[in-house]
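Comments concern the structure below.
Any read-out appearing in this document is the output of simple, stated calculations on the displayed coordinates, not a laboratory observation. Here the structure is a predicted model, which means the values were calculated and not measured. Because the Cβ atoms are built from the backbone with ideal geometry, glycine has one as well, and the counts that use them run over all protein chains shown.
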Amino acid sequence: MAYETILVEQRDAVTLITLNRPEALNALNTKVLAELTEALAAFEADASQGCAVVTGSGDKAFAAGADIKEMADKPAADFFNEDFFAGWNRMVAATRKPWIAAVNGFALGGGCEVAMMADFIIASENAKFGQPEIKLGVAPGMGGSQRLTRAVGKAKAMDLCLTGRMMDAAEAERAGLVARVVPHEQLLDEALQAAATIAGMAPMAVKVNKELVDAAYETTLSQGMLHERRLFQILTATEDKAEGMKAFVEKRPANWKGR
Ligand code: CAA
């Protein structure tokens with residue numbers, strides 16, 4: 001499938017998706033949403049693919065936000081009637097396999113929000129995160145006020161949303177937004193390696209681990225613990241559980257079946 005605004009390639013069991021509008025610092029317009037949704041759905045449906053990496057083209061930006069030029073003259077009624085930005089939620093909800101955001105530069109507004117939609121973020125030392133929508137007279141619309149607050153807590157989320165300032169990679173890692181910070185030139189290798197490690201795990205266990213960590217955001221501790229125990233117990237019925245434990249005892253790599 002040929003895309004206009006993203007690049008997609010498969011590297012063994014890892015799908016690499018590159019946001020590719022460098023002339024607009026990879027700003028996220030309706031076409032990007034449609035194409036990213038399509039690419040993640042294809043990744044999800046392809047049993048040979050175990051994990052995806054989403055990054056930005058060029059050295060400057062992961063994505064500098066939703067496309068301001070697309071939104072500038074759009075009537076409020078259209079935003080409302082189209083339920084503008086709702087497609088991003090649908091895209092995330094439809095993806096049960098994990099994907100990593102490799103943030104190579106600016107991740108602002110919708111760019112920061114897409115990075116936070118990923119299962120975790122690996123950032124280059126040059127990365128900069130922010131929710132500067134307030135400077136445009138609006139507020140985050142793709143989850144920034146919610147996911148950022150859950151990731152870094154109220155104090156820093158308020159600071160970033162109300163002042164519109166950017167935080168660098170070191171501050172983002174200290175705040176818990178970012179899983180790893182790596183030298184800029186090693187970003188893609190590190191993210192692809194992490195993705196390959198995940199893709200090498202038992203596929204059902206990967207989906208369950210993702211689902212369980214996500215559930216921690218949505219539920220109480222006791223319900224989350226119960227959910228965890230039940231899914232653990234269900235995984236013990238899989239062929240891959242038998243194989244994984246046998247392989248450990250026999251000191252050899254496991255040969256996963258995905259069932
Ligand atoms: N939408 C559309 N175009 C954008 C863009 C965006 N979000 N961000 C950058 N661009 C375009 C610029 O207009 C410029 O295009 P032209 O050459 O045609 O003028 C090109 O990308 C390069 O940008 P700059 O010249 O501004 O580059 P810079 O290095 O001087 O500044 C920057 C970089 C600080 C990231 C600056 O571009 C910037 O502030 N961008 C906007 C950031 C922003 O406000 N993001 C939030 C958008 S709203 C949103 O995302 C809502 C939501 O919650 C979903």
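Some observations on this one:
- Checked against (1) touching a Lys or Arg at 6+ places or on another chain (Cβ under 6 Å); (2) surrounded by fewer than 18 Cβ atoms within 10 Å (Cβ to Cβ), residue 68 passes all but a single condition, namely (1).
- Selection from the range 116-146 of residues that are charged (D, E, K, R) and under 21 Å from residue 168 (Cβ atoms): 125, 128, 133, 135
- Of all residues in the range 138-159, those satisfying the criterion of being over 20 Å from the mean Cα position of the chain (by Cα) and more than 11 Å from the ligand (Cβ to nearest atom) are 154, 155, 156, 158, 159.
- Within the range 21-32, residues that are touching a residue at least 40 places away in the same chain (Cβ under 8 Å) sit with their Cβ atoms under 7 Å from residues that are near the ligand (Cβ under 9 Å from one of its atoms) and aromatic (Phe, Trp, Tyr), at 6+ positions apart or across chains, in these pairs: 25/106.
- Residue satisfying all of: in the range 83-137; charged (D, E, K, R) and within 14 Å of the ligand (Cβ to nearest atom); surrounded by the most Cβ atoms within 10 Å (Cβ to Cβ) among these: 113
- So residue 35, is it without any contact (Cβ under 8 Å) to a residue 60 or more places away in the chain and part of a loop (DSSP other than H, G, I, E, B): no
- Test result for residue 32, touching a helix residue (DSSP H, G or I) at 6+ places or on another chain (Cβ under 8 Å) and not acidic (Asp, Glu): no
- Any hit, the range 218-227, residues being surrounded by 13 or more Cβ atoms within 10 Å (Cβ to Cβ) and touching a Ser or Thr at 6+ places or on another chain (Cβ under 6 Å): no
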